[in-house]
Amino acid sequence: MTKFSHHIDYSIYRVLLSEVLPYELPFFFSFKDFYYFADRARLAISDDGSISKKSHKMPHEVWSNVMVGMLNECKQRHKSFTYGINKDGKSKGRKLVLVHPYVALEIVKFYKEYAGFILNSCCRSNYSLRHPTKIAYNRKKVQGETSLKDITEEETVKLPRNYFLYEPIKNINIFYEGSLLERLESKFSHMYITDMKHCFDNIPANRMAEAAYLTDKVNLSFGTFAANAKRIMKDMTNGEDNVAIGPEFSRVFAEIILQKIDIEIESEMEAKDLVQQKDYACFRYVDDCFFFYNDENVKKQFVNIQDNVLKSWELSLNKDKSKDYSLPYITPITKAKDQVIAMLDGVFEFRLETAKGLVHINEGIYDNPLQMSSHNCIKTIKSIIATKDVDISKITSFLLYQLQKRLVSTLDRLDTLLREYQEAEKDMLLDMEGKKILRRYERSTVSFLCQLAQFIFFVFRADTRMSTSIRVVSILDIIIRYTENKLFKDSDAAFFNSNRNVLYKTIHDELVLILRNKKLDCYCGLEICNVLSIMNDLPDNFAISSNIMLDFIGDAFDNLDREINFLMAFALLKSLKDSSIADPNNIIRDKILDWLIKRLETKEWDLGDAECFYIISGLMPLKIINSEKKTTIINHYENVDMMKLESGRSPFFQWKGASLRKACDEKFAVDVY
């Protein structure tokens, strides 16, 4: 496979794609169109806070003027939207921050003015494993001779994953699986792992100046780096003194403060004649700390110093999660991953090419190429997490990533086999026995994919998180596209409708099982709505019935006291629009729309509130909303002609023309720290 790359145009507005949004958002919500709009219009914030277009070469000039008008309605006030996600896949929740679009443009301006200062402030620590080192180059990578269908040069990744390049590692898995850990094993006999307790919730954002300028004697005047950083963070947290959870900007902000803490710890260690990489080695990955040592006394001194320094910064260690390891450094998670690999090797074994399979072929016996029991795989996973004493959430991402990688490779090989048989059948080269073998291969392939679907739905039920839902939908999309002959180029391999319907019904039934056993709430609703996106790939006759969906929704939209949010509401509206959910009498649709209008009334129609801004910009272009509700929205704004939004598209919601495959690819193009 040939590869080449070249530079493409650089834009500061790509900050909107990588630095301001949480990763855990539904597929249909993104800043991609907002980025195109801001980039083409060259949106800029003036000294008085107003937003203007520096370029008027816009394909939808009237619509873009309305968006600018909406942004200018809130130039003096803006409130972020916080929403809940499932943290551990079971019961614990986490609040993430979705910033106002105006604040997102402030972050663009901040990066443009202070990128160099950020880089200088993040290169001071000898402990940090993940920090920005330079602005990432903007490259386009073009893959040649790919077998994946419908991949064109224009669809390849055009932008780096983050505004900055992160070094020495970009993901914690690289540390566990890389050569650095092996080198540390050769020098130190023990490893101590700990992390900071509720780090982002407790980091004192008001001490940014002390961290950025390495002194507490700073006049925090308006217009300085620290003053602007603090002001933006206060906007993101709605006035709180902590750090917003979710956006990459928050991790950059936190890294500057954490590097100052690193410096203080190392300085106190040196005062005791304990030198980094000689007497000990310490590394920090965001809020996780890895300490390597030979002498137990060195560790005790480090823990004491670390504890005192963190307290001086209003932080503390999560001692319940602190653990010691001796040579060799093998954690329970490492052992569990090894067993996951062994299980997947068995699942994706191409049975025709095994020794047993080749013997059978010589004897005139043709085994099914692939064979799987979801029941056995579920038992294996349960055994792994029980014997290795790890939570399933610690291995889910690894499991699904490895499964997806093996699935694509295996389907490619299988497709070649089936295509040869089907071409021979077209040319009338198959005898009756050959045709029987082909039909059996087709049935066994669909059976394998059904078992695989049942297994990954089990994983989702056991670990109901947004990251899990994204990977599950991606795998299901690959499975469905393969049976519909849409996965590989130049493939004529096809399945009978009866075989495909077996797969469709399996996926449908698994979704129904989830909906019957869960209720729409704040800590699993968004995750389940995200998985429902796969219904877009199924024929209309496999839509979820309105009775099942109404039972799942319950009274969630009957009042405003329940902690559901507009992202869940819009996810369900999209499913209704795409006919993934049956709603013959518009009962579900009207229930959701009425709830959204009530949310706008609760927010007093304030465009400075992120929730209000997103609801209006999402509702106005939506065709399934009647004119009465749109008129209600229009009449609340004298300075902005909201009616013009009907003719455009929302810069945040992809109501139509969205490819599930592309949406998955965009999610995977983001580095999750």
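Could you sort out which of LYS230/LYS603; LYS518/LYS603; LYS79/LYS603; LYS598/LYS630; LYS299/LYS394 sit more than 20 Å apart by Cα distance in this structure?
Numbers: LYS230/LYS603 26 Å; LYS518/LYS603 29 Å; LYS79/LYS603 11 Å; LYS598/LYS630 13 Å; LYS299/LYS394 27 Å.
Table pairs above 20 Å Cα-Cα are LYS230/LYS603; LYS518/LYS603; LYS299/LYS394.
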Margin query: Once ligands and nucleic acids are excluded and a 1.4 Å probe is used, how much of ASP551 is accessible, expressed in Å² to the nearest 10?
Written below: 80 Å²
Margin query: Using a 1.4 angstrom probe on the protein heavy atoms only, could you order GLU611, GLU638 from most to least accessible area?
Written below: GLU638, GLU611
Note to self: For HIS375, what accessible surface area do you get with a 1.4 Å probe? Give it in Å², rounded to 10.
What the structure shows: 120 Å²
Next item on the list: Only Cα pairs under 8 Å and at least 6 apart count here; give the relative contact order of the chain as a rounded whole percent.
Entry: 19 percent
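Round to the nearest 0.05 the FRET efficiency obtained for GLU167 and GLU433 when R0 = 56 Å and r is the Cβ-Cβ distance.
On the way: r = 60 Å, r/R0 = 1.06.
According to the calculation, E is roughly 0.40.
Within the accessible area of the chain, what % is carbon and sulfur when the probe is 1.4 Å and the other protein chains stay in place? Each step should come with its number before you reach the end.
Numbers: 14030 of 29420 Å².
That share works out to 48 percent.
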Next item on the list: Using a cut-off of under 20 Å, list every residue of segment 182-211 whose amide N is near the label point 7 Å from the Cα of LYS300 along the Cα-to-beta-carbon line.
Entry: 189-194
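Could you give the dipole magnitude of the chain about its Cα centre, charging the beta-carbon of Lys and Arg +1 and that of Asp and Glu -1, in debye to the nearest 20?
Values: 93 positive and 94 negative charges, 57 e Å.
The calculation lands at about 280 debye.
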Check: Between SER46 and LEU550, what is the label-to-label distance in nm when each label sits 7 Å out along the Cα-to-Cβ direction?
Finding: 5.4 nm
Check: Sorted by accessible area with a 1.4 angstrom probe, largest first, how do ASP537, ASP273, ASP391 fall?
Finding: ASP273, ASP391, ASP537
Check: Can you list the residues, at least 5 places off or on another chain, whose amide H is less than 5 Å from the amide H of ASN318, using H built in the peptide plane?
Finding: ASP195, MET196, LYS197
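Put TYR421, TYR441 in order of accessible area, largest first, 1.4 Å probe: what do you get? Provide the component values of the computation, followed by the final result.
On the way: TYR421 40, TYR441 0 Å².
Descending accessible area places them as TYR421, TYR441.
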Notebook entry, point to check: Can you list the HN-Hα couplings for segment 382-387, worked out from phi with the Karplus curve (6.51, -1.76, 1.60; θ = phi - 60°), rounded to whole Hz and with x for Gly and Pro?
Noted result: 4, 5, 4, 6, 7, 6
Margin query: Test of understanding: what is the full-extension gain from ASP338 to LYS95, defined as 0.36 nm times their sequence separation minus their Cα-Cα distance?
Written below: 84.2 nm
Checklist line | Sequence ranges 106-115, 598-607, ranked by mean other-Cβ count within 10 angstrom, highest first | finding: 106-115, 598-607
Margin query: From Cα pairs below 8 angstrom and at least 6 apart in sequence, can you work out the relative contact order of segment 434-531, rounded to a whole percent?
Written below: 41 percent
Next item on the list: Sticking to Cα atoms, compute the Rg of segment 236-296 to one decimal and its Dmax as the biggest Cα-Cα distance, whole number, in Å.
Entry: 15.0, 46
Item checked: Computed over the chain, Cα set: Rg, Dmax in Å -> 27.1, 88
Check: Straight-line reach from LYS54: which aspartates and glutamates have a Cα under 19 Å away, not including same-chain ones fewer than 8 places off?
Finding: ASP9, ASP33, ASP39, GLU73, GLU106, GLU113
Item checked: Tensor-based shape of segment 269-358 (alpha-carbon gyration tensor, a/c under 1.5 rounded, otherwise prolate or oblate) -> prolate
Note to self: Taking θ = phi - 60°, what integer Hz values does the Karplus form 6.51 cos²θ - 1.76 cosθ + 1.60 yield along segment 547-561, in sequence order, with x for Gly and Pro?
What the structure shows: 5, 5, 5, 5, 5, 5, 5, x, 9, 4, 9, 7, 8, 9, 7
Next item on the list: Work from the charge dipole of segment 250-343 (Cβ charges, +1 for Lys and Arg, -1 for Asp and Glu, about the Cα centre) and give the residue of ILE261, TYR293, PRO332 farthest towards its positive end.
Entry: PRO332
Item checked: For segment 324-333, 3J(HN,Hα) per residue [Karplus equation, 6.51 cos²θ - 1.76 cosθ + 1.60, θ = phi - 60°, Hz, x = Gly/Pro] -> 10, 9, 10, 4, x, 7, 10, 8, x, 5
Note to self: For MET196, what accessible surface area do you get with a 1.4 Å probe? Give it in Å², rounded to 10.
What the structure shows: 20 Å²
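The values are calculated or read from the model by the stated rules, or taken from the named source; none is laboratory data. The model shown is predicted, which means the values in this text are computed figures rather than measured ones. Using ideal geometry, Cβ is built from the backbone for each residue, glycine included, and neighbour counts are taken over all protein chains shown. We work out accessible area using only protein heavy atoms, side chains counted, and drop any ligands, DNA or RNA first. Shrake-Rupley method; radii C 1.70, N 1.55, O 1.52, S 1.80 Å.
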